[in-house]
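Here's the structure, in structure tokens; my notes come after.
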Amino acid sequence: MRRFAALLAATALLGSGPAVSAQPAVSRETIPAPRQPGAIDLPIAKGTAQREVWHLDGTQIAVRNVTQPTLTPVLPAGKGTGAAMIVAPGGAFLGLAIEKEGWDVARWLANHGIAAFVLKYRVLPTPADQGVFAGEMAKVVTGGTASFAPPADTPQPALDDARSAIALVHDRAGEFGVDPNRIGMMGFSAGAMLTRSLATHPGQYMPAFIAPIYPMMNAVEVPANAPPMFVALAADDTLFGKSPFGLVDSWRAAGKPVEFHYYATGGHGFGLGKPGTPTEGWMDQLYRWLASSGFLAGEK
């Protein structure tokens, strides 16, 4: 389990591919917090200290030590389909690949008429100093250990943030131009675990559909009102590609709709699709699934 946790941290935070060490390292420098137009604060305990650290993973923006969760709407420019998607980036619950698996995905969805909402959820604490954090990550890549590790499952604060996010979109559906009965959630890696957790342990509102992308594939207990599920995973995913398909089997055994795309290559962390692999264009397949399931044009 310790080795798995180290691999998860390295893969999620440093990228994917045949060798994690070949990926661009986490920067030792911080960057100013970027503008997040329209970001809505989600509820947390009063007096919570703010300690976000923004940095680059390769060339893309990431954030860690999130203590104030937010939900950022990215809405269609014109008339949308009426569907909404909450988007949860991954990062082993130690940080968030918020550009690659959040903003980029949300823009794709909005450009296709789906109202998107990027969830910046709370993550576990890591060293405040970026140089120390990057140094510990470098040790993990070479087989060493760090002062932090991913959790075995979704932390409660992250699940609370997902519940708050879907409740906010539901309660303000008219303002956002979405159908409250067509609010779904998708997530990547740790964000996929969070998405799965919301569907198996919902709060006031159950998502209408879910799309865990390169998720942990362990079997789960499926509730009676579980939503339709779309799953995408690459066979050469260094974390989950060789796992039994327990998550998919659980949905099938419960008699719930599931669509599963298992690509020959693509690795872990392919985001919108890794060029030169079958994962290119997978978002189009998700869109067609949503459309054929009746989520993009009224009730099925």
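The values are calculated or read from the model by the stated rules, or taken from the named source; none is laboratory data. The model shown is predicted, which means the values in this text are computed figures rather than measured ones. Counting neighbours? That spans all protein chains shown, and the Cβs are built from the backbone with ideal geometry, glycine included. Just so you know, the surface numbers come from the protein's heavy atoms only, side chains and all, with ligands and any DNA or RNA stripped out. Shrake-Rupley method; radii C 1.70, N 1.55, O 1.52, S 1.80 Å.
A compact table of results
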{"item": "Residue in the stretch 212-223 that is small (G, A, S) and either closer than 30 Å to I44 by Cα or in contact with an Asp or Glu (Cβ under 8 Å, 6 or more places away or on another chain) (or both) present", "result": "yes"}
{"item": "All positions within the stretch 270-280 that are under 18 Å from the mean Cα position of the chain (by Cα) and open to solvent by less than 70 Å² (accessible area, probe 1.4 Å)", "result": "F270, G271, L272, G273, T279"}
{"item": "Residue in the stretch 261-269 that is open to solvent by 40 Å² or more (accessible area, probe 1.4 Å), in a strand (DSSP E or B), within 23 Å of R288 (Cβ to Cβ) and at pLDDT 95 or above present", "result": "yes"}
{"item": "Residue match in the stretch 64-75 (condition: outside any helix (DSSP H, G or I), among the charged types (D, E, K, R) and surrounded by 18 or more Cβ atoms within 10 Å (Cβ to Cβ))", "result": "yes"}
{"item": "Among the candidates G131, G177, residue that is surrounded by fewer than 17 Cβ atoms within 10 Å (Cβ to Cβ) and either under 20 Å from A291 (Cα atoms) or among the β-branched types (V, I, T) (or both)", "result": "G177"}
{"item": "Number of positions in the stretch 91-119 that are under 19 Å from F133 (Cβ atoms) and either free of Cβ contacts under 8 Å to residues at least 12 places away in the same chain or open to solvent by 10 Å² or more (accessible area, probe 1.4 Å) (or both)", "result": "3"}
{"item": "Residue among V74, V66, V20, V26 that alone is modelled with pLDDT of 95 or more and in contact with a helix residue (DSSP H, G or I) (Cβ under 7 Å, 6 or more places away or on another chain)", "result": "V74"}
{"item": "Residue within the stretch 81-88 that is modelled with pLDDT of 95 or more and over 24 Å from L194 (Cα atoms) present", "result": "yes"}
{"item": "Restricting the stretch 127-138 to residues that are in contact with a Ser or Thr (Cβ under 8 Å, 6 or more places away or on another chain) and touching a residue at least 40 places away in the same chain (Cβ under 8 Å), the residue that is farthest from P151 (Cα to Cα)", "result": "Q130"}
{"item": "Conditions (1) in a loop (DSSP other than H, G, I, E, B); (2) open to solvent by 20 Å² or more (accessible area, probe 1.4 Å); (3) within 25 Å of N181 (Cβ to Cβ): number failed by D284", "result": "(1)"}
{"item": "Near pairs, Cβ below 9 angstrom, 6+ apart or cross-chain, from the stretch 256-267 (in contact (Cβ under 8 Å) with a residue 60 or more places away in the chain) to any residue that is crowded, with 18+ Cβ neighbours inside 10 Å and not in a loop (DSSP other than H, G, I, E, B)", "result": "G267/T11; G267/A234"}
{"item": "Flag if E101 is acidic (D, E) and at pLDDT 95 or above", "result": "yes"}
{"item": "Enumerated helices (runs of 4 or more DSSP H) restricted to the stretch 100-213, each holding at least 2 residues that are more than 18 Å from the chain's Cα centre (by Cα)", "result": "130-141, 156-171, 173-176"}
{"item": "Scan of the stretch 140-184 for residues that are modelled with pLDDT under 95 and farther than 18 Å from G91 by Cβ, ordered by number", "result": "T142, G143, G144, T145"}
{"item": "Residue in the stretch 45-55 that is within 17 Å of S164 (Cβ to Cβ), modelled with pLDDT of 95 or more, in a strand (DSSP E or B) and not polar (S, T, N, Q) present", "result": "no"}
{"item": "Candidates L233, L247, L239 - the one that is without any contact (Cβ under 8 Å) to a residue 60 or more places away in the chain and closer than 21 Å to G102 by Cβ", "result": "L233"}
